[in-house]
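Please treat every number below as a calculation from the coordinates, not as lab data. Because the structure is predicted, anything quoted here is derived from the model rather than measured. Cβ sites come from the backbone with ideal geometry, for glycine too, and all protein chains shown count toward neighbours.
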Amino acid sequence: MKTIDFSYFIERYNAGEMSEAEKKWFQKELDGNEKLSNEVNLRRRTDDVLMNRDIISLRNKLSEIARKKETDVPAKSPGKQFYLKYVAVISGLILIGSITLFSGKKLSNKEIISKYYKAYEPPSAQRSVQTELNTDFILALEFYNTNDYENAAVHFKKVLECNPKDMQSVFLNGVSNFEDKKYPDAKQSFDIVINDNNNLFIENAEWYLALCYIKTDDMEKAIQQLEIIYEEGGIYKDGAKKIIRKLK
């Protein structure tokens, strides 16, 4: 059985980016799992320390500027108090603006993928939606789960030669090509799943299609696709909203 890598979920949980369904699932995972709870708390404290360190560093720099300006103003100058108040106000505005800048900066496509992307984990062969499993599908899943996406795509294509309407294999073939950096082939698969409009993988395909646009620097189409995802709601709504904010 494949072990769950909780790193992605811990980051989303601490950032408040999980949907209600995701949050309930993750909180159940936390119950009785002391190691996972400790990791969540450790990362939260680490994030707080790093944020506070940046703010304190900026505050110290502003204080140093204010001190230098104070020494430059004559002690008996009638405008000294007004000047110092002016410096204090400007320093405060700079601090607020800098904090906003740190929290809302525009990310590159590489940074967005690194922050928000998590490889799709397919069900086991036994839990697959396919009623009749074949050797190629089982082999494709094995290659996929060992990150051999090139061979996974080869065997998913063999499945589709016999059953082109198998949307699970169409989608997983697209993900395999996405992981193998074959984005045009991946887009084609995701479009097929979305246009079929009657399967369990439409939301996932819409999300991956948006990621394909980001990977290929087609930001206009990426934003359009993400806005569709956000308006429809679903499991990727919060992630779509966050990325749209970073792209605009």
Study note, to complete from the structure: Counted residues in segment 179-218 being not in a helix (DSSP H, G or I) and not β-branched (Val, Ile, Thr) come to 10
Exercise for review: Collect the residues in segment 177-222 that are surrounded by fewer than 21 Cβ atoms within 10 Å (Cβ to Cβ), more than 20 Å from PHE156 (Cα to Cα) and in contact (Cβ under 8 Å) with a residue 40 or more places away in the chain, keeping them in residue-number order.
Suggested key: LYS215, ASP217, MET219
Review point. Quick one: would you say ALA152 is under 18 Å from LYS110 (Cα atoms) and in contact with a helix residue (DSSP H, G or I) (Cβ under 6 Å, 6 or more places away or on another chain)?
Key: no
Check your understanding: Can you tell me which residues in segment 223-247 are among the charged types (D, E, K, R), over 13 Å from ILE112 (Cα atoms) and either crowded, with 16+ Cβ neighbours inside 10 Å or within 12 Å of the chain's Cα centre (by Cα) (or both)?
Key -> LYS237, ASP238
